[in-house]
Each structure stands twice: as structure tokens, then as C-alpha cells.
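Please treat every number below as a calculation from the coordinates, not as lab data. Quick caveat, the model's predicted, so the values are computed rather than measured. Every residue, glycine as well, gets a Cβ built from its backbone with ideal geometry; the counts of neighbours run over all protein chains shown.
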Amino acid sequence: MTERSTARSRPSVVISASLAFDYIMTFPGSFKDHILPDKVHVLSVSFLFDSLRRQRGGIAGNIAYSLALLGEPASVVGAGGSDFGSYRDAFDTLGIDTRLILDVPEELTGSAFMTTDLDNNQIAGFYPGASSHAASISLSDVAPNARVGVVGATAPDAMRRHAAEIAGSGCPLLYDPSQQVVALPAEDLRAGIDAAWAISGSDYEFAIMSRKTGLDLADLAARVPLLIVTYGDQGAELWWHGEVVKIPAVTAEPLVDPTGGGDAFRGGLLKGLLLGLDLPVSGRMGALTATYAIERRGTQEHTFTAGGFVSRFDRVFPDMAGAVVADWLAGPAPTDTSLLSAAG
């Protein structure tokens, strides 16, 4: 295993989460039409897919990709296997910092298998592969200089270590356990919650988290300054010190594949907060970024220019036209803005 040099300065966003190749399959129907509730104890189903693609993915990669499109190259923390070379090359081209991605040549890069139906329901599985080595990476040298650290779903031991290191450094931690809420024990979830400045997830993921920890949305909102709840095509809610800001979804033109929309939302939201924009604007930046993602098949296939993003923002949110400026998306957000003051 080899780790790249970390001598140069780091981007202001550090993301520790899965890196994977996604195998994305689409079922041209509805799962619910083929699952019999009274037979789930002997469940045996098979779906015929109308598409299959292998593409770059993983939560860390997806968030970093959308941030790069918005002019905010992040530092990605994780591990790649013997097949990771093309992934690293693509991120180096985008200006994403890959120096904290460990090379594990004896393993394959993690693989995610995702099946989505026409109702946007998803059944997924994940093989961690090289990601199981991510906990060997220390963030103690980079977290103190970051403006925000993100810990998302990856190997549980990496999530524990990196959440503790980010929070312990004084860097605001966005804790986003997402798909790992099923596997993580309650004590791990509680530790992440207690360390966090913000917690993010879908309404379904929060329901599982609540069942495991006994903490509902109101309880969580009382523990962290910012709670981010996504509802798919119903938009999102941003809970800031108990007050709820509703963020509408942006209609896709057209909807192609919902996979990766949540990760793109987090990227857009983070860019807005780093710019010092208020929650209604930052949340709408997230919503628009998510829509760009779901209009393409794959989690890192969408693209846009700064000018195109701003023009579309002004069109779909006419009451906030002019709130985002193209020049702000041409490079990293200035360091004299604060996540804490931005969300207030």
C-alpha cells in the first residue's frame, strides 16, 4: 500500500467516504408490483434491466466531482485498488486533490451495485474492496486547516477515526452515514452525531437512524446547528437551530436516473455555505446541482459552466435571481467567509 505526498497546501473541503465504480442498472417498471407483502419471508425476485453501466462513483467521489464543477476542488480521502488508475487520472484533471487516496494494488476498487425503478426506488449493494484500508489514513495534519470536513459512508472503522479526527481538530464536521446506517451499530451513529456540526441524510435514512438511536429529527436538530434532510423529488429541509428552511426540488429536463442526486445536492449546498450565502440560496444551489446529476445516467456524468448554472438558477428560482454570481463559481470560495456565519 502506498500513500501520496502531502507536502503541498490542502483544499478547504476534506471528504472521507467511499470511492467505487458504480454498476448502475435500471428496471423499467416498479419494484412494488413484483414484491408480495405476505411473502417477504421467502422473497425471491428477479428483475430484467434495460441498461447497465460501469462508471466512477462512491460518495466521496460524487461530492468532490460536483464541488469541482462549482469551482471548489476538494481533498478526497479513501483507498483505490489495482483498477483505480483511470479514476485518479480523471480527478487529477479536474483539480481534485487525490493525495490522501491510498493505493492498494492487491485489492480491487470498491464496487456499488445499484438498481433503480421508474418510481425512483433503489435497491443497492456495496463491496468495499480497497476501501477497507481507508482507516489507516490519518487526517490529523489536514483537518485543522480545512474549513469543513465530510465523513460519509465507507468502512466503519474509517468513519469512526476520521469523524473523531475532524471534530477533534476543531473543523466543522458534516456527518452523513447514508447507506451505512443499516450496518453501523447505534454507538457508532451516536458518536458521529455527538461529534458533528451538521448531519445529513434522506428521510428514509433518518428513519433507520431514529430506530437505532432513539433520536428523531427534532432530537437531532437539538444536538447540531444544521440538520439536512432530503426527500427526493419533494425537495429538502434544512433545520438551522430548530428553524426549518424548505428547499424545493428543481424539475429535471428530463429525469434519467436519480442515483447520485443526494451527493450532488450536498456538493451544491456546501459550495453555497462556503461562499457565505444564506440557507435558502445555498439549499437551492444544492437542489439545482442535484437536478443536473439526475438528468444524466451516472453519478459523475453531468456537467455545466458557471454561466449556465447561474442562468438556470435565475430561471428556476426567479424570486432569487441574482443571488448567485458566475464569478463565484470560477474558483475556491474566499476564506473570509464562514460556514457558521453563512448558515445564520
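Compute the orientation-averaged projected area for the stretch 165-301 from the convex hull of its Cα atoms and round it to one decimal in nm².
Spelled out: convex hull of the Cα atoms, projected over all directions, averaged, 8.2 nm².
Could you pull out the GluC sites (Glu not before Pro) across the stretch 1-107 that fall in loop regions by DSSP (anything but H, G, I, E, B) with no more than 16 other Cβ atoms inside 10 Å?
3, 106
Assuming 0.890 mPa s and 25 °C, estimate D for the chain with Stokes-Einstein, Rh taken as the Kirkwood radius over Cα pairs, in µm²/s.
For the chosen part, D equals 122 µm²/s.
Between residue 89 and residue 278, what is 0.36 nm times their sequence separation minus the Cα-Cα distance? Round to one decimal in nm.
Extending this stretch completely gives an extra 64.6 nm.
Post the alpha-carbon centroid distance, the stretch 266-344 to the stretch 167-181, in whole angstrom.
Answer, in whole Å: 21.
Any chance you could get the radius of gyration and Dmax over the Cα atoms of the stretch 99-161, in Å?
Cα only, the stretch 99-161: 14.9, 45 Å (Rg, Dmax).
If you average over every viewing direction, what projected area does the convex hull of the Cα atoms of the stretch 1-154 give, in nm²?
Over all viewing directions, the stretch 1-154 projects a mean Cα-hull area of 11.0 nm².
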